[in-house]
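A.B. asks: Dropping a structure here in structure tokens format, bear with me for questions.
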Amino acid sequence: MKVIVTKNYQAMSDYATKHVLEQLAKKPDSVLGLATGSTPIGLYDRLIKAHQSGLSFQQVTTFNLDEYQDLGPNHPNSYRHVMDDVLFDHIDINKDQTYVPGGEDDKYQSACEKYEALIKDHGPIDLQVLGLGLNGHIGFNEPGTPFDTLTHVIELDESTRKQNQRFFDSLDEVPTHAITMGIKTIMKTKDIMVLASGEEKKEAVKQLVEGKVTTTFPCSILQIHPNVTVIIDEAASQALQPDSITEKA
Ligand code: GLP
């Protein structure tokens, strides 16, 4: 696990963008795993700029980590809608090659199996972008999720619903369930980039990098993945031991 500490959010986003652009230069038909949340927005803004400067995404395929259950793709808080808004509508990617689990499918068990089959057909995912929940979740794999899970439906922790309430009018409107790539799905990706910014993430980052590998802190499993780069800003790095840091960029 490489740990890169950058000065601030902007520098974190710059570094992450470089990593994605290197991947696309190496393999223009890359399969990217994408995350929602506030953290990757700076990265997506920069990818849009790269497109405006000539980079094409026509050969790229994307798989998003997760989606709320029951919102439907037209709901402004559905991750499908958010991804269109923050990235896909602003680049030349073929929308048919951008996958988000669940969608309008109300038969969630078959939607999970379908998503795994799609990843198998198009994959493996070359580069997976991950954010970090305050409770250590990756995707929507909440504490206690077994490490051998594939795409599945999960009941969201109250803490996660409260954390995500900021995007909704009230807590009641935040869905209680989501569909998410499983931990095993994530661990099968070839390269993983974890982004975290701000002091509120410092404990989650410490567990990710230095904690015991345990389902209580789902992100800790990433310690045993062969190819992980953790890109964080100084604020998020505050609880780390100095020798855990690979590079200050
Ligand atoms: C959300 C998403 C995750 C995201 C995480 C962190 O609930 N399901 O995919 O990475 O929580 O979000 P943020 O980047 O807004 O802190």
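The values are calculated or read from the model by the stated rules, or taken from the named source; none is laboratory data. As the structure is a computational prediction, the values presented were derived from the model and not from experiment. Neighbour counts run over all protein chains shown; Cβ positions are idealised from the backbone, glycine included.
A.B. asks: What pairs come out if I take residues in the stretch 196-224 that are free of Cβ contacts under 8 Å to residues at least 24 places away in the same chain and pair them with residues that are among the aromatic types (Phe, Trp, Tyr) and outside any loop (DSSP other than H, G, I, E, B) whose C-beta lies under 9 Å away, six or more apart or interchain?
C.D. replies: Hits for this filter: zero, empty list.
A.B. asks: Looking for something of a type in the set (D, E, K, R) and away from the ligand (no atom under 15 Å from the Cβ) - is there at least one such residue anywhere in the stretch 124-142?
C.D. replies: Among the residues of the stretch 124-142, at least one is of a type in the set (D, E, K, R) and away from the ligand (no atom under 15 Å from the Cβ), which makes the answer yes.
A.B. asks: So, LYS27, is that one at pLDDT 95 or above, under 13 Å from ILE231 (Cβ atoms) and basic (Lys, Arg) or not? Steps first, please.
C.D. replies: On the way: at pLDDT 95 or above: yes; under 13 Å from ILE231 (Cβ atoms): no; basic (Lys, Arg): yes.
For LYS27, the condition - at pLDDT 95 or above, under 13 Å from ILE231 (Cβ atoms) and basic (Lys, Arg) - is not met.
A.B. asks: Among residues belonging to the stretch 58-72 that are farther than 13 Å from THR151 by Cβ and part of a strand (DSSP E or B), point out the one that is farthest from the ligand (Cβ to nearest atom). Write out each step before concluding.
C.D. replies: Initially, the stretch 58-72 is screened for residues farther than 13 Å from THR151 by Cβ, giving 58-62, 68, 70-72.
This time we only want the ones that are part of a strand (DSSP E or B), so: 61-62, 68.
Working: THR61: 19, THR62: 14, TYR68: 9 Å.
Looking at the filtered set, the residue picked out is THR61.
A.B. asks: While we're here: Kindly check whether there is at least one residue in the stretch 122-132 that is farther than 29 Å from LYS27 by Cβ, assigned to a loop (DSSP other than H, G, I, E, B), aliphatic (A, V, I, L, M) and touching a residue at least 40 places away in the same chain (Cβ under 8 Å).
C.D. replies: no
A.B. asks: Of all residues being farther than 30 Å from GLY54 by Cα and hydroxyl-bearing (Ser, Thr, Tyr) in the stretch 91-129, which is modelled with the highest pLDDT? Just the residue, please.
C.D. replies: TYR115
A.B. asks: THR189: out of contact with any Phe, Trp or Tyr (no Cβ under 6 Å at 6 or more places or on another chain), within 18 Å of ALA35 (Cα to Cα) and at pLDDT 95 or above, yes or no? If you could, list the steps in order and put the result at the bottom.
C.D. replies: Working: out of contact with any Phe, Trp or Tyr (no Cβ under 6 Å at 6 or more places or on another chain): yes; within 18 Å of ALA35 (Cα to Cα): yes; at pLDDT 95 or above: yes.
For THR189, the condition - out of contact with any Phe, Trp or Tyr (no Cβ under 6 Å at 6 or more places or on another chain), within 18 Å of ALA35 (Cα to Cα) and at pLDDT 95 or above - is met.
A.B. asks: Taking VAL153 as meeting all but one of (1) free of Cβ contacts under 8 Å to residues at least 60 places away in the same chain; (2) more than 10 Å from the ligand (Cβ to nearest atom); (3) within 20 Å of LEU71 (Cα to Cα), write down the number of the exception.
C.D. replies: (1)
A.B. asks: Only one of PRO101, PRO28 is touching a residue at least 12 places away in the same chain (Cβ under 8 Å), on the phi < 0 side of the Ramachandran plot and either surrounded by 18 or more Cβ atoms within 10 Å (Cβ to Cβ) or of a type in the set (Lys, Arg) (or both). Can you tell me which?
C.D. replies: Testing whether each residue is touching a residue at least 12 places away in the same chain (Cβ under 8 Å), on the phi < 0 side of the Ramachandran plot and either surrounded by 18 or more Cβ atoms within 10 Å (Cβ to Cβ) or of a type in the set (Lys, Arg) (or both) leaves just PRO101.
A.B. asks: Please go through the stretch 113-123 and give me each residue that is surrounded by fewer than 22 Cβ atoms within 10 Å (Cβ to Cβ) and within 16 Å of the ligand (Cβ to nearest atom), ordered by number.
C.D. replies: none
A.B. asks: Let me ask you something else. How many residues, within the stretch 73-111, are more than 16 Å from the ligand (Cβ to nearest atom), part of a helix (DSSP H, G or I) and not aliphatic (A, V, I, L, M)?
C.D. replies: 10
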